[in-house]
Amino acid sequence: MTEEALRTQLDELQAKVDELMSENHALKAENEAIKAENDTLKNRRTASISLKVSEKGALSVYGLGRFPVTLYKEQWGKLLGMADDIRKFIAENNDKLKTKEESAPKS
């Protein structure tokens, strides 16, 4: 192989490396943008609580956790009627109960 052919091949390889480096940089930037958007969506989801009537006619509360809390209206009535009992139970067992942050797995 001649020196000129080797130089041409080397130039082509260098151009390919430059192209791959540029693509890598673009992919890293896109990945960071997606991570930032994901964090924004996670924070928005935990910040708001919403209510919805399910297909079966139950009341679903979204935003408390990963899944909605869904009960029929008579179940909500019973639960809301126990609000004072639930508050008392939480106060009496405060040392045994964890917050969501305390029970979340460490990553």
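The numbers here are math on the coordinates, done by the rules we state, and not lab data. Only a predicted model underlies this, so the values are computations on that prediction, with no experimental measurement involved. Please note: Cβ atoms are built from the backbone with ideal geometry, for glycine as well, and neighbour counts cover all protein chains shown.
Against the longest alpha carbon principal axis of the chain, how many degrees, from 0 to 90 and to the nearest 10, is the axis of helix 3-47 turned?
In the chain, helix 3-47 runs at an angle near 10 degrees to the longest axis.
Restricting things to alpha carbons, tell me how big segment 57-107 is in terms of Rg and Dmax, in Å.
13.9, 40
Applying 1/(1 + (r/R0)^6) with R0 = 30 Å to the Cβ-Cβ distance of residue 39 and residue 69, what FRET efficiency is obtained, to the nearest 0.05?
0.75
Taking the 0 to 90 degree range and rounding to the nearest ten, how far is the long axis of helix 83-92 tilted relative to the main principal axis of the chain, both from C-alpha atoms?
70
Could you tell me what % of all Cα pairs in the chain have separations over 20 Å? Could the numbers behind the result be given before it?
Details: 3970 of 5671 pairs.
Within the chain, distances greater than 20 Å cover 70 percent of Cα pairs.
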